[in-house]
């Protein structure tokens, strides 16, 4: 059959130009038919999905009508709709949230880096409001809060199954006002009660910059904010002018911040064109790869990066990229594991949905979310963390059994103590490693 078609079409196409047009018309017609059939099939699938959604919306409308007409008290329609959206979004994952107009405004204030509170970054983990990290120099830091503390009571309210927004709202307030907070600390297997005075929280991105033993630069990166890359450039120039030959980048208790600025900081330590992070979404068209595009990359300094369970999000991107590219030695403990991207989608009435739209992957393809970054050299601090053995639901209930109705002693505020490098085992290990590397280089050059 194929040979017969060739015998018919090819000679006539060569000899008669009108035949070429006819052949083109035939193939065009076939293409149009296939396109229409495919479009109809896709439309049918989409219509089926829409019909299923509308059926579920009918169910929701029935429930809404019953509540409005038969609930014991009159409820405002806005409260019902807000509650429904909140339930829908919070059922997706701990980081997706519905924001009322007031909460949306509070979120905008967050990005400015100044607010009244106690100075902790929190998330929802295992169904509990959990401290990611206390910010250094804040009331929470001075009181002795630790990463992974579970907040179970604020003032007189037991915050069982609270949303993130509800917890944040109760913790924040005017500077100078007091707030009581009860936490469950797993490693001690006990509850602690704190009474704190709220303060104006001014977030500083870089602090504690110094030179150790004449040749080792040290800087603590607290958070990724708008000016962080520029501040980092200034600090690195100053350290190099002081003659440093290696660098310790301390990301412990760094909760992240602005994704773009975390990428900007990372690319300063990688060769131009190196992959920094992949962001994969449900829609492949929305997935992205970010590569180093900085013109003055610093790839010569020997580096150690310090991390712990309070290192999250942007700091995990930085640590994961430097680890996978073998640019730095990562020392400390496994990071928090917050590797998802939330997009804030404004709604028509001034409210918004903060929705998880993608996840981070390191250059080596390792997922960060719920996994964290494992250090090259694991160095535990001075305490061992006890693991929970109960099933999750029993675990949560067990904690709240001890909270409700129980009077708890206040934890005395620890006296501020200036830590020496030798007392910080993770920092001490980093210093020893860089000293050893310097000695090895000198031996090789001789």
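Please tell me if residue 160 is part of a loop (DSSP other than H, G, I, E, B) and surrounded by fewer than 16 Cβ atoms within 10 Å (Cβ to Cβ). Criteria not met by residue 160. Exactly one residue out of 234, 261 is part of a helix (DSSP H, G or I) and in contact with a helix residue (DSSP H, G or I) (Cβ under 7 Å, 6 or more places away or on another chain): that is 261.
Selection of region 121-141 for residues being modelled with pLDDT of 90 or more and under 17 Å from the mean Cα position of the chain (by Cα) yields 129, 130, 131. Where strands (runs of 3 or more DSSP E) fall entirely within region 319-384, those with at least 2 residues that are assigned by TED's automatic domain parsing to the domain that holds residue 288 and without any contact (Cβ under 8 Å) to a residue 40 or more places away in the chain are at 340-346.
You will find that of 268, 234, 230, 198, the residue that is at pLDDT 90 or above and touching a strand residue (DSSP E or B) at 6+ places or on another chain (Cβ under 6 Å) is 198 and no other. Evaluation of residue 208 against the conditions (1) under 25 Å from residue 134 (Cβ atoms); (2) exposed (fewer than 15 other Cβ atoms within 10 Å of the Cβ); (3) modelled with pLDDT of 95 or more shows that the sole unmet condition is (3). Taking the listed residues 280, 300, the one that is assigned to a strand (DSSP E or B) and either surrounded by fewer than 18 Cβ atoms within 10 Å (Cβ to Cβ) or without any contact (Cβ under 8 Å) to a residue 24 or more places away in the chain (or both) is 280, with no other qualifying.
The values are calculated or read from the model by the stated rules, or taken from the named source; none is laboratory data. The shown structure was predicted, so the numbers you read here are calculated from the model rather than taken from an experiment. Note: ideal-geometry Cβ built from the backbone for every residue, glycine included; neighbour counts use all protein chains shown.
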